[in-house]
1. Return the whole-Å distance between the Cα centroid of the stretch 1-71 and the Cα centroid of the stretch 81-153.
2. Which residues in the stretch 1-39 place their backbone N less than 20 Å from a point set 7 Å from the Cα of K132 along the Cα-to-Cβ direction?
3. Under 5 Å between amide H atoms, partner at least 5 residues away or on a different chain: which partners does R99 have, H built in plane at 1.01 Å?
4. Report the accessible area of E57, computed with a 1.4 Å probe over the heavy atoms of all protein chains in place, in Å² rounded to the nearest 10.
5. Pick out, from W92, G58, M148, the residue whose Cα sits farthest towards the positive end of the charge dipole of the stretch 15-150, with +1 on the Cβ of Lys and Arg and -1 on the Cβ of Asp and Glu.
6. Across the stretch 91-96, in residue order, what do the Karplus-derived ³J(HN,Hα) couplings come to in whole Hz, using 6.51 cos²θ - 1.76 cosθ + 1.60 with θ = phi - 60° and x for Gly and Pro?
7. Taking 0.36 nm per residue of sequence separation and subtracting the Cα-Cα distance, how much length would be gained by fully extending the chain between K150 and H93, in nm to one decimal?
8. Once you sort the root eigenvalues of the Cα gyration tensor of the chain as a ≥ b ≥ c, which label holds: rounded (a/c under 1.5), prolate (a/b larger than b/c) or oblate (the other case)?
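The values are calculated or read from the model by the stated rules, or taken from the named source; none is laboratory data. Source: prediction; values computed, not measured. Ideal geometry is used to build each Cβ from the backbone, glycine not excepted, and the neighbour counts take in all protein chains shown. These area figures cover heavy atoms from the full protein model, side chains too; ligands, DNA and RNA do not enter into them. Shrake-Rupley method; radii C 1.70, N 1.55, O 1.52, S 1.80 Å.
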Amino acid sequence: MSLDDDIVFFRQVPLFAALDKEAVRILAIGAETRSFQMGSVLFYAGDLADGGYIVLEGTLSLESGTYAEGKDRVVGPGTLIGELAMLTDMVWHFTAVAREPVTVVRITRNLFRKMLEGYPAAAVALRDLFAKRLDGWQGELNAVKKMMEKGSG
């Protein structure tokens with residue numbers, strides 16, 4: 001893919017859609033593309049996460065830490081895995097396994113932070129996006145709280 005194609009692809013990811021083209025361009029230039037064969041493990045639950053991955057082609061199975069949890073998910077092209085890992089230290093809570101040949105784009109925390117430093121407007125846009133998400137989650141939690149209070153009262 002050309003750089004312009006990469007930028008278009010990145011901007012289809014909701015988190016990056018909030019950024020201007022130049023900020024996304026920096027990410028597209030600095031990101032690394034990796035390919036994995038079917039059955040390959042990208043990372044294991046408990047590993048330190050130092051960035052995020054966007055699925056470019058193929059599908060991944062995100063397997064929970066234990067079989068009992070039963071929360072496995074399958075994700076495909078355009079999915080961003082590890083959004084928070086691009087901002088802060090964390091460990092993976094699941095294992096990512098290629099269900100077929102898969103290609104991902106890796107964005108390291110260092111690259112993401114440098115982009116934010118160089119493009120303060122991008123940092124503001126992301127702050128606003130996260131604040132909007134938090135407001136939505138707060139509303140959902142308040143609705144659950146009200147339902148629980150009705151049920152126990």
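1. A separation of 13 Å, based on Cα centres.
2. Those under the cut-off are 8-25.
3. Result for R99 returns G39, T59, L60, S61.
4. Estimated to the nearest 10 Å², E57 gives 110 Å².
5. The Cα lying farthest towards the positive end belongs to M148.
6. Taking θ as phi minus 60°, the curve returns 10, 6, 9, 8, 9, 9 Hz for the stretch 91-96.
7. Working: separation 57, 0.36 × 57 = 20.52 nm, distance 3.37 nm.
Length gained between K150 and H93: 17.2 nm.
8. Working: a/c = 2.12, a/b = 1.20, b/c = 1.77.
Oblate is the answer for the chain, as a/c is 1.5 or above yet b/c matches or exceeds a/b.
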